[in-house]
1. Students often get this wrong, so check it: of A:Lys364/B:Lys195; A:Lys22/A:Lys292; A:Lys334/B:Lys18, which have C-alpha atoms separated by over 30 Å?
2. Restricting to DSSP H runs of at least four residues, report the calculated mean residue ellipticity at 222 nm for chain A, -39500 (n - 2.57) per run over all residues, nearest 500 deg cm²/dmol.
3. Hey, got the Cα dimensions of the protein assembly as shown along the principal axes, in Å, largest first?
4. Does chain B come out rounded, prolate or oblate by the C-alpha gyration tensor, with a ≥ b ≥ c the root eigenvalues, rounded set by a/c under 1.5 and, if not, prolate when a/b is larger than b/c and oblate if not?
5. I'd like the mean, over residues of B:93-105, of how many other protein chain beta carbons sit within 10 Å of each residue's own Cβ.
6. Counting only other chains, and only Cβ atoms inside 10 Å, what mean value do you get across the residues of A:366-375?
7. Could you tell me how many degrees, from 0 to 90 and to the nearest 10, lie between the Cα long axis of helix B:191-203 and the main elongation axis, the longest principal axis, of the Cα atoms of chain B?
8. Which trypsin sites (Lys or Arg not before Pro) does region A:209-292 hold that lie in a coil by DSSP with at most 14 other beta carbons within 10 Å?
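The values are calculated or read from the model by the stated rules, or taken from the named source; none is laboratory data. The structure presented is a predicted model; accordingly, all values stated were derived computationally and were not measured. Positions of Cβ are backbone-derived with ideal geometry, glycine not excepted, and every protein chain shown enters the neighbour counts. Areas reflect the complete protein model, heavy atoms only, side chains present, ligands, DNA and RNA absent. Shrake-Rupley method; radii C 1.70, N 1.55, O 1.52, S 1.80 Å.
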Amino acid sequence: MKYKELAQLHLAQCETFLNKSKNNSYSDNHKQVYQDTLFKLFNAIKPNSENLDGRAIKNFQRQLSFITRSLEFLLDSTLNSIPFEVVSCLDIVMKEWIKNEEFIIVTSLDNDMDEYCFDPTLATDDSIYQLILAETGVEFPRRLVQISMPLVLARDYFSSVTLYHELGHFIDEYYLISSDLSEAIIDYSAFQKQEIELYFPYTVKQDGPGRKDSLQKLKNHLGEYFCDLFAAQYVGNTSVYYLAYQEISSSKVTDYTHPSSENRNHLVEDFLEGKPNPLLKLIKKFIKEYTKNDLAKRFEKISGDDFYKFIPLDVQNEQQLHGVFPYAWDIWLKGTANFLNVADLKMPLLPESIYKLLNNLMEKSIGNYFIQKDWQKTEIK
Amino acid sequence: MTAFITSDEIWILIKRNKLVIRPLLEDSQVTQVGIDFRLGCNFLISVHGREPFINTSLNDEFASGQSNVKRFFQESRRQLGETFILYPNQTVLASSLEYLKLPDTHLMALYMRNSYSRLGLTLSTIVQPGYCGCLSIELTNNNINPINLTVGARIFQGIFMSADKETDYFAVERKYICSVRPEPSAAVADGDLTKLAMLWQQRNDRKDKSA
């Protein structure tokens, strides 16, 4: 196989992508700095393309893939494409949980309507940054937190609540919470397991060749439970509403990557209602130990009728900011007939028009909060 | 003739929640004769589309089916403090930074602020009593030079005129409700156009292709 020639093809493709990215325009200067650092990296590795052998090709390929993966997310994170109202909310959340390191939240917009996911490679894979530093001396001042979302729903603030869950995956990976928790649970005695077995309704192999697989399954499920609880702190049970709808025919089904939506709903409800729950207690303990933060309700329930009067909320603080999502969800779930009734409308309004206006009011409520905050903190010198 | 209202009455409307402005970043935006509005973050920029012209007719003389006006505009966003360059003869749909709900008793006329009129920017439109949403404005640069505008700058103003009676904005069907970004013209949604297209068909002995 002509690996050297293939690596050079990869290099040419990467250069084309980099050149395209020169047109990207970011509001956040950190993204521009990150992109400039990608150019530095490319220029540092390009001369090596002539003299590549076995291991060197692999490292070369990894670095090129790092560049293209970064660009893929930066491309959909320009001001025109990024839903900056939601990303700004997520940024507040991230800073509450990670205080000593700086990350940049970037989004990739996907054609798949169900594509909500977190990709940990650029945020938590230390080895690639070590390789880059060792081979080129190039250092990235911030790392990217990559969240994928559906292109057509980039302005849908109802489904945006799922992004709080996806951000939870990053926090989980960063602190290795579900990873270490699964290591602890797998060795539980039968008596210890009894308390939480409702949430893990399958055989867990403690020994032998099946242990690795069981451990991974436990980790996957604990990760999902953690993220549901993480999101519920900010947006209540709205992130599991959508899940319940999508899994209407399989709410009791558990697979390798996800626990059943019935169990996930149950855990979130217990958390929000302050009910005792052994798994919740265990996850809370790990969260406190690993992050020094408490798992707690971090949003304010908004009860005003501004949306029924067709005006955006006058959001005063971060708790109210996150509360915008459950507020609008609550209105939507009461039904469009109720909306028309409370709003006392004479003209007919189709459900899609109500959806559109609620979305608009959410966008403006969130956007206004950041506009006012920026305005107030800026003083003329 | 209906008179415009001054700052005292505007403040009374605001305090009674008859007039809602969110956000009102500075009280000084309420001037002696009206309210200064700021340039918002969202723009629809006119561009040359693949289709030869914007069709506001439902007659099928040029093509079957109605063209989408959105094809002639490109969306662009900015953040507070960033800038937007408006080129000579270019039309841009923008919106106010402020979201408004107007009282049912007052109509508002929009004009450029004098400093921006002097640059060659024109605007003249009205906002109906009871309207709610950000204000959509059509900016055209009549200058021979491009003009760089700052998002968040006070560029246009609204003058209120009281109506002789209260009206209900939602008593009839509305095309624009709670808009927060500029929306392209919905002229083709006017009911009259359907009637006019039928009239044109009958007069010219054309067959209704949709039948």
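1. Over 30 Å Cα-Cα: A:Lys364/B:Lys195; A:Lys22/A:Lys292.
2. Computed mean residue ellipticity for chain A: -19500 deg cm²/dmol.
3. On the principal axes, the protein assembly as shown reaches 90, 67, 64 Å in Cα extent.
4. Taking the square roots of the gyration eigenvalues as a ≥ b ≥ c, chain B is oblate.
5. Mean shielding count: 2.
6. Mean inter-chain Cβ contacts per residue within 10 Å come to 5.
7. It is inclined by approximately 20 degrees.
8. Taking region A:209-292 and a limit of 14 other Cβ atoms within 10 Å, the loop trypsin sites (Lys or Arg not before Pro) found are A:Lys252, A:Lys292.
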